Amino acid sequence: MQEPLAGLRVLDFGRYIAGPYCATLLADFGADVIRIERREGGEDRYLTPVTSGGEGAMFIGLNRNKRGMTLDPAHPLSREIKRRLIASADVVIANLPVDVLQKLELDYDSLRAIKEDIILVRISTFGPDGPYAERVGFDPVVQAMSGAMSLTGFPPVPVRSVVNFEDFGTALHAAFGALAAVYQRRRTGRGQVVDASLLATGITFMQAMIAEQALLRVNRQAQGNTGFYAAPADVYRAKDGWIVVLVNGNAMFRRWARLVEREDLIDDPRCADDLTRAENAALINEAMSAWTSGRTQAEAVRQLGDARLAGAPVYNLDEVLDDPQVKARELLKLIDYPGMENSAPIPNPAVRLSDANIEIRRRAPMLGEHTDEILRELGFSDDEMDSFRATRVI
């Protein structure tokens, strides 16, 4: 079976998470993605090192299914390499500031001068215009500025999520936009700029709470693991660990009340609907905690499941690796990489198609691993490549 994006070429000038993961999503579905790094390697290559060469766990996971080459795009002698790369490509991905794109001649006007129908996926923290356009930022900056951090954790200290969800969410938005632009180009013959930013993602993810604040002025504050809009919605201690339980809607609440033998709460005015129950979470959490404290994690989760209620154990990372559902669905694939003593568990593509083979076809590239291969495809000779190396272009 042919991959859905076979024949699409993508140049990945990304770094860290949002740009590289956007490109990874396209690579998973069959696009020929070329990861282009500086001669010494991008910053994200060496974060959380797990190999003898210093490559990081994030890089190995986020750059699967790509080929890799080195190039100094600021070097004057790199212009012909860039020209041929861009002429061969359909999509260019870059999460670089607008002024840096212009300096490197990777801005949209420069790209269009080489290939009229090119698509530029431009990812930034705040967007290319507005008063914050020139600011530097990372995922936690947007977690803070979107309001998410102020409502996470236990007051008075704001807490950021350990997961870089603003980065990953922006990558998903950008990949969707890239595919929409490719689809539109099939009809119009025109390329365009796909603009994605972490702040736009953060505002989108916080939309319900932002709207609630604007309309009702509720001024919510962080309250730990306790849910804002329903109860029970919290973590509870079992005999051998913690479990999370979430109950929404009156029908589900009635099943919960019967399970924990608190049917008196069904007609209690303090438990009339989700919001009322959230306002009286202490009452409901007391009943929930009394029930979970007499059971193991497995017993509690099984009984909740039998009652068609949502509950799960709070895992540590070893337990994630050992989970039978993770194994049955093959959510992780063991991949070898030079310099690692053992194989690394890398996430398989999270989306599957019934009529296409979406899988990890190649590990992340070593630094410059495919430089010669790609340059030969572009028509450069061995002597020209030797010259590029001598002048430190590649």
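So if I place +1 on the C-beta of Lys and Arg and -1 on the C-beta of Asp and Glu, and nothing else carries charge, what would the dipole magnitude of the stretch 233-315 be about its Cα centre? I want it in debye, nearest 20.
On the way: 11 positive and 13 negative charges, 61 e Å.
Its charge dipole is roughly 300 debye.
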In the chain, how many lysine pairs have Cα atoms under 29 Å apart, counting only pairs 8 or more places apart or on different chains?
9
Between the stretch 26-74 and the stretch 293-339, what is the separation of their alpha carbon centroids in Å?
30 Å
For the chain, what relative contact order do you get, as a whole percent, if you take Cα pairs closer than 8 Å and at least 6 residues apart?
20 percent
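Near Val100, within a Cβ-to-Cβ distance under 12 Å, what is the net charge of the other residues, with Lys and Arg +1 and Asp and Glu -1? Provide the component values of the computation, followed by the final result.
On the way: positive: Arg15, Lys103, Arg122; negative: Asp99, Glu105, Asp107, Glu134.
Neighbour charge sum, excluding Val100 itself: -1.
Trypsin sites (Lys or Arg not before Pro) within the stretch 1-86: which are DSSP loop residues with at most 16 other Cβ atoms inside 10 Å?
Details: sites: Arg9, Arg15, Arg35, Arg38, Arg39, Arg45, Arg64, Lys66, Arg67, Arg79, Lys82, Arg83, Arg84; in loops: Arg15, Arg38, Arg39, Arg64.
In loop regions of the stretch 1-86 (DSSP not H, G, I, E or B), the sparsely surrounded trypsin sites (Lys or Arg not before Pro) are Arg38, Arg39.
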Could you give me the radius of gyration and the Dmax of the stretch 233-315, taking only the C-alpha atoms into account and expressing both in angstrom?
11.8, 35
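Provide the gained length on full extension for the span Arg186 to Ser381, in nm with one decimal, where the gain is 0.36 nm per separating residue minus the Cα-Cα distance.
On the way: separation 195, 0.36 × 195 = 70.20 nm, distance 3.38 nm.
Roughly 66.8 nm would be gained on extension.
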Towards the positive end of the charge dipole of the stretch 297-394, with charges on Cβ (+1 Lys, Arg; -1 Asp, Glu), say which of Ala312, Tyr337, Ile394 has the farthest Cα.
Ala312
Placing +1 at every Lys and Arg Cβ and -1 at every Asp and Glu Cβ, with all other atoms neutral, what dipole size does the stretch 338-394 have around its Cα centre, in debye to the nearest 20?
340 debye
For the stretch 233-315: relative contact order, % (alpha-carbon pairs under 8 angstrom, 6 or more apart)
44 percent
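I'd like the FRET efficiency for Leu216 and Asp372, computed as 1/(1 + (r/R0)^6) with the beta carbon distance as r and R0 of 56 Å, rounded to 0.05. Provide the component values of the computation, followed by the final result.
Working: r = 62 Å, r/R0 = 1.10.
Efficiency, rounded to the nearest 0.05: 0.35.
How much length is gained on full extension from Arg389 to Arg255, taking 0.36 nm per residue of separation minus their Cα-Cα distance?
Values: separation 134, 0.36 × 134 = 48.24 nm, distance 6.94 nm.
Here the answer is 41.3 nm.
Which value, in debye to the nearest 20, describes the size of the charge dipole of the chain about its Cα centre when Lys and Arg Cβ atoms bear +1, Asp and Glu Cβ atoms bear -1, and nothing else is charged?
Details: 46 positive and 55 negative charges, 104 e Å.
Computed about the Cα centre, the dipole is about 500 debye.
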Farthest towards the positive end of the dipole of the chain, among Ala251, Ala300, Met385 and with Cβ unit charges of +1 on Lys and Arg and -1 on Asp and Glu, lies the Cα of Ala251
Positive-end extreme of charge dipole, the chain - chosen from Gly7, Val50, Phe165 (charges on Cβ):
Gly7
Percent of Cα-Cα distances greater than 39 Å, calculated over the chain:
31 percent
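No value in this document is a laboratory result; all are computed from the given coordinates. Note that this is a predicted model, so its numbers are computed, not measured. All Cβ positions, even for glycine, are placed from backbone atoms using ideal geometry, and neighbour counts span all protein chains on display.
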